[in-house]
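Remarks on the structure that follows.
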Amino acid sequence: MTSPEPQPPAPQPSEPESKDRVYRSAPAIAGGVLLLGICGWLGIDAVISGEGRTPWMALAVLLLVVPLVVAFTLRPAVYAGDDRLRIRNPFRLVVVPWGQVASLRSAYSNEVLTESGAKYQLWAVPVSLRARKKAARREMRDTARARRQMGRDEGRGSALGMTAGLGEGLSREPVSDGPARAETDRIMDELRGLREARHQAESARGEVTVRWAYEVLGPAAAGAVLVLILLVVG
């Protein structure tokens with residue numbers, strides 16, 4: 001009697017891969033959709049109702065303008081994963097492993113500095129001085145409100161002659177968990193946290209790669225050539 005053959009162990013379920021965090025500019029996307037709608041409306045109207053070379057000129061201008069609008073509004077994005085940072089700018093795609101990120105700097109623009117000294121701007125995370133001022137005003141209001149609440153609580157405590165510990169039941173207005181920050185500044189704080197956590201990871205090593213966005217540059221260049229030819233021909 002033969003013994004039954006041992007069954008192979010059941011395959012263990014693989015751990016789910018963590019998804020990249022995606023950062024994009026909502027105002028830029030809204031503006032891009034609006035511009036594309038205007039371009040489409042004007043271009044189609046010129047093609048349908050235009051005479052002579054006007055329809056051809058309209059098509060050439062659309063071929064030039066539409067890729068540029070997409071490049072500067074809809075295309076920019078930042079993908080932050082466990083091992084690398086992918087920066088999709090209007091005309092380039094830059095992949096920077098966390099081990100190559102020296103720092104993330106915020107001034108008049110948000111930038112990534114690599115260990116080799118290269119600098120790449122984050123088009124999808126633009127700096128808004130207006131948002132920073134708004135956040136600063138909010139922080140001042142929250143601080144003033146918290147101080148007024150503390151003064152009212154102290155006044156109630158002294159008027160009622162409360163002993164230690166009895167004042168804990170008084171209602172308080174909720175205060176913010178931390179200082180008010182502009183949205184893009186909070187995003188940069190998250191990216192800095194990822195960089196600190198993953199900078200020394202073995203899987204976060206590698207070389208910086210840069211690829212030109214030929215899918216944008218090609219149509220735009222073709223449109224520019226057609227516009228130039230039509231203008232020269234007359």
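Translational diffusion of the stretch 14-106 was estimated from the Stokes-Einstein equation, with Rh taken as the Kirkwood radius over Cα pairs; at 10 °C and 1.306 mPa s the coefficient is 100 µm²/s.
What is the distance in Å between the Cα centres of the stretch 193-234 and the stretch 23-49? If you average the Cα positions of each part, the centres end up 21 Å apart. By accessible area, using a 1.4 Å probe on protein heavy atoms only, the stretch 10-125 has 62% of its surface on carbon and sulfur. In terms of packing, defined here as the mean over residues of other Cβ atoms within 10 angstrom, the peptides 214-223, 82-91 line up highest first as 82-91, 214-223. Mean projected area of the convex hull spanned by the Cα atoms of the stretch 28-78, taken over all viewing directions: 3.1 nm².
The values are calculated or read from the model by the stated rules, or taken from the named source; none is laboratory data. Computed from a prediction, not measured in an experiment: that's the story for all the values here. All Cβ positions, glycine included, derive from the backbone under ideal geometry; neighbour counts span all protein chains shown. Keep in mind that these areas ignore ligands, DNA and RNA; they rest on the heavy atoms of the full protein, side chains included. Shrake-Rupley method; radii C 1.70, N 1.55, O 1.52, S 1.80 Å.
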